[in-house]
């Protein structure tokens, strides 16, 4: 991914920074678009994965909708140019202020996560003389077989409405004049690489789609969320996901009635591989038991390893590949023991000033950056 010219360019720049390969992003978006359109599926991009302006502009230009989980994400999507009629608003804790702003902007749909929220949206929509379209996010109790911190579809998770609460939802809908149920919504987790999980989800959606029909709700939308994982180990070999294989599972196992739309909310799968965190080695600390590379980037720039014990491929892109291999713990400058990007990483013998690239950082990287230790906000560059 990093040729000699790019490395020479990086050496002249102040680090750390996020580097975005917009050409790879465009290729990924096109691959997803072609694969989804084959089945007339609708894709909304999950802004929480990355809301960098240049990244968002490319996604909006490709014709995808927007999946938002905060009022400011709704605002950002509209500012970038996403059609409000193609914006969905999810989130387990929407404030009145956020709901009111979304209503004023006439967004497509609220993905509702509790019985109480149905009543709140109805009340606020009544005050604005609006009819709010809603989809109920249902907890399908499907195990995503992923990290416990990014599993969202089990009954012990805070997200969504549990299935035993659905009769109460129906009662609330029947007495609410300013909300209209248009669909059901699901999201079982993130970084899912076992595609059988999505097959299991389809079977649960089929069951609940029938449950609502039997109670007089002929749903327009089946929103199956996202969660498709990426290859963190081999970012160059598998830079674009197998979108055809992913969508084919839903085409094969999801039962749709005539006119029903299938919606997806993909984030990581669209943007992860196009981004890298680029840093410079400040110090090399060689010891008896451990060798450390201390970078000028830390957990304030990329939180995932500290938060999820997440793996990112780490490369010294300026070292001579002929150098002997040395095992390093690659760490940052933050005053926390968890500020570590990787342990026992085999790299060419490295020195102060070498350029390090931390790969597959286009999702949940820049968006989670913080100012802890009064760190400056990380910059971005593009190609």
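Just so you know, all these numbers are worked out from the coordinates, no wet-lab data involved. Every value quoted in this text rests on a predicted model; they were computed, and no experiment measured them. Neighbour counts run over all protein chains shown; Cβ positions are idealised from the backbone, glycine included.
Computed quantities for the displayed model
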item: Mean Cβ count within 10 Å, highest first, over the residues of peptides 20-26, 126-132; result: 20-26, 126-132
item: Folded to 0 to 90 degrees: helix 196-214 orientation relative to the chain principal axis, Cα; result: 20
item: Distribution of pairwise C-alpha distances over the range 22-81, 5 Å bins, in %; result: 4, 18, 32, 23, 15, 8, 1
item: Förster-model FRET efficiency, 22 Å R0, residue 196 and residue 311, C-beta, rounded to 0.05; result: 0.50
item: Contour excess over end-to-end distance, with Cα ends at residue 336 and residue 255 and 0.36 nm allotted per residue; result: 24.2 nm
item: Residue-averaged [θ]222 nm for the chain, counting only DSSP H segments that reach four residues, each worth -39500 (n - 2.57); result: -8500 deg cm²/dmol
item: Length added when fully stretched, residue 174-residue 215, from 0.36 nm per residue minus Cα-Cα; result: 13.7 nm
item: Cα-only radius of gyration and Dmax that characterise the range 222-295, units Å; result: 20.3, 68
item: For the range 22-272, the Rg and Dmax computed from alpha carbons only, in angstrom; result: 17.3, 54
item: Neighbour-count ranking [beta-carbon atoms within 10 angstrom, fewest first] of 10, 186, 41; result: 41, 10, 186
item: Between 0 and 90°, nearest 10: helix 243-253 axis offset from the chain longest Cα axis; result: 30
item: Proxy reagent accessibility, fewest Cβ within 10 Å first, across 220, 94; result: 220, 94
item: Cα centroid of the range 39-78 to Cα centroid of the range 246-298, whole Å; result: 17
item: Pairwise label distance in nanometres, residue 343 with residue 75, each label 7 Å out on the Cα-Cβ vector; result: 4.2
item: Degrees, to the nearest 10: 22-37 long Cα axis against longest axis of the chain; result: 30
item: log10 of Debye I(q)/I(0), alpha-carbon scatterers only, for the range 272-383 at 0.11, 0.23 Å⁻¹; result: -0.32, -1.40
item: Modelled FRET efficiency - R0 30 Å, residue 123 with residue 23, Cβ distances, 0.05 increments; result: 0.05
item: Residue exposure sequence - 315, 123, 237 - by fewest surrounding Cβ within 10 Å; result: 237, 123, 315
item: Distance histogram in 10 Å bins (all Cα pairs of the range 62-142, percent per bin); result: 19, 53, 24, 4
item: Rounded FRET efficiency, nearest 0.05, which uses the C-beta distance separating residue 374 from residue 236 and R0 of 56 Å; result: 0.95
